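Input: a single structure, listed below in structure tokens.
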Amino acid sequence: MALLEDDLLEPARALLPGVVELRRDLHRHPELGLELPRTQAAVLDALDGLGLEVRTGDALGSVVADLEGGRPGPRIVLRGDMDALPMPEDTGLEFASEVEGAMHACGHDAHTAMLVGAARLLAARRDELPGSVRFMFQPGEEGDGGAELMIAEGVLDDVDAAFAIHIAPNVPAGIVAWKPGPAMASADVISIEVTGRGGHASTPHWATDPVPVACEIVLALQSMVTRTVDAFDPAVLTIGKIRAGTTDNVIPERAVLTGTLRAVSETTRAKVQERVRRVADGVAAAHDCTAEVTVFSGYPVTVNDRDFAAFAARVVDERLGAGRSFEMTAPVMGAEDFSYVLQHVPGAMVFLGVCPPENPDPFAAPACHSNRMVLHEDVMADGIALHAAVATTFLANGGTFT
């Protein structure tokens with residue numbers, strides 16, 4: 001028998017002050033990458049005394065904590081990421097980052113704190129659980145692939161499903177947005193090095209200038225995407241950096257373009273990568289230059305299990321309140337390394353709206369990765385309860401979610 005709605009929301013709200021305190025402590029002291037010693041220590045301290053089986057990572061500063069229920073049954077993973085972004089903070093918050101050049105601008109501090117809250121809530125009900133819950137505290141989501149390393153170290157061993165919450169500052173507070181199937185894009189880095197022949201700025205006809213060729217490639221790539229990619233299976237190609245030359249009166253030999261390619265299917269991802277090479281080679285050759293294209297593969301498409309995503313939405317409406325779930329019509333074009341988890345076990349990532357109530361237009365609120373991103377902390381109680389509701393319903397159903 002699943003736990004009732006008020007068995008989760010009220011205890012989650014009671015836990016909120018401690019969860020907010022933890023979140024603010026993590027926000028003040030953000031850490032980057034795979035090794036997060038202070039964050040890891042804070043999580044270990046917060047889990048101490050809950051009677052969990054806790055272990056830390058070897059290749060990264062992760063924390064895995066198992067809660068064994070009162071009866072045997074399936075096992076579900078609940079995941080929260082812990083790392084920050086290498087960027088300044090300009091929020092003016094009293095608990096703003098004290099680490100120069102680092103900020104929790106994507107809400108991972110809230111993810112970690114909500115997962116600690118869920119561990120506390122569920123640990124108090126362990127005797128009622130017909131199965132077990134594994135809490136996955138993951139470093140290195142922001143480009144370092146921490147999920148893959150944790151999978152290699154066994155975080156998904158004997159696991160039947162996985163669930164994650166990502167905060168969404170551009171969604172109204174308390175709304176849970178979800179999508180079956182592809183929910184977030186892949187993300188690859190594209191580098192194009194255009195080589196011509198250097199010379200004096202006064203005699204471009206004696207040189208082969210790679211700069212206008214590089215500019216032409218940028219424009220040709222945008223046309224390629226809009227004219228060859230299905231709008232209902234989209235790709236986004238952005239050249240974010242152009243580097244060439246050393247001074248004003250020298251035509252350089254090389255120009256380098258760097259950008260990102262995002263797609264929501266592996267088929268389109270592969271096709272666009274090949275077309276980038278073709279366009280760059282063709283435009284460069286037309287101007288007697290050469291182009292070397294390098295693709296640095298990033299995270300794959302995050303594909304929610306359709307049945308599990310629908311199950312999570314039902315849990316939201318039945319356990320947190322009717323009308324709280326919202327089905328997204330399109331994927332988010334950002335990327336997530338939770339995608340690797342979903343390649344191994346069924347599960348879903350959903351988006352919890354945290355737009356501050358004083359902002360009447362969520363779309364105008366500072367987004368994730370903004371130096372001014374803030375969130376409505378009271379909503380973290382909903383995140384705690386949602387983690388617990390998905391876990392307890394999944395276990396009570398014997399590991400089924402259809």
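The values are calculated or read from the model by the stated rules, or taken from the named source; none is laboratory data. All of these numbers come straight from a predicted model, not from anything done at the bench. Don't worry about glycine lacking a Cβ; one is built from the backbone with ideal geometry, like all the others, and counts go over all protein chains shown.
When the criteria are applied in full, LEU257 fails the requirement of being of a type outside the set (Val, Ile, Thr) and under 30 Å from GLY347 (Cβ atoms). Residue selection: VAL54 fails the criterion of being in the same structural domain as PHE163 (by TED's automatic domain parsing), of a type in the set (Val, Ile, Thr) and within 24 Å of GLU336 (Cα to Cα).
Among residues that are over 28 Å from ASP158 (Cα atoms) and either in contact (Cβ under 8 Å) with a residue 40 or more places away in the chain or part of a strand (DSSP E or B) (or both), ARG75 is not included.
Residues in region 224-255 that are part of a loop (DSSP other than H, G, I, E, B) and either acidic (Asp, Glu) or more than 26 Å from ALA270 (Cβ to Cβ) (or both): ASP230, ASP233, GLY245, THR246, THR247, ASP248, ASN249, PRO252, GLU253. Looking only at residues in region 274-306 that are part of a helix (DSSP H, G or I) and among the aliphatic types (A, V, I, L, M), the one that is surrounded by the most Cβ atoms within 10 Å (Cβ to Cβ) is ALA280.
When every residue of region 117-129 is checked against the conditions, at least one turns out to be over 30 Å from PRO357 (Cβ atoms), out of contact with any His (no Cβ under 8 Å at 6 or more places or on another chain) and crowded, with 19+ Cβ neighbours inside 10 Å. State yes or no: is LEU219 part of a helix (DSSP H, G or I) and either among the aliphatic types (A, V, I, L, M) or in contact with a helix residue (DSSP H, G or I) (Cβ under 8 Å, 6 or more places away or on another chain) (or both)? The answer is yes for LEU219.
For region 307-333, a residue qualifies if it is without any contact (Cβ under 8 Å) to a residue 60 or more places away in the chain and either in a helix (DSSP H, G or I) or among the charged types (D, E, K, R) (or both), and the qualifying residues are ARG314, ASP317. Check SER339 against each of (1) at pLDDT below 95; (2) in a helix (DSSP H, G or I); (3) over 15 Å from VAL176 (Cβ atoms) and name the one condition it does not meet. Result: SER339 passes all but (1). I'd like the full set of residues that are of a type in the set (Asp, Glu) and buried (at least 20 other Cβ atoms within 10 Å of the Cβ), limited to region 178-213. Across region 178-213, the qualifying residues are ASP188, ASP209.
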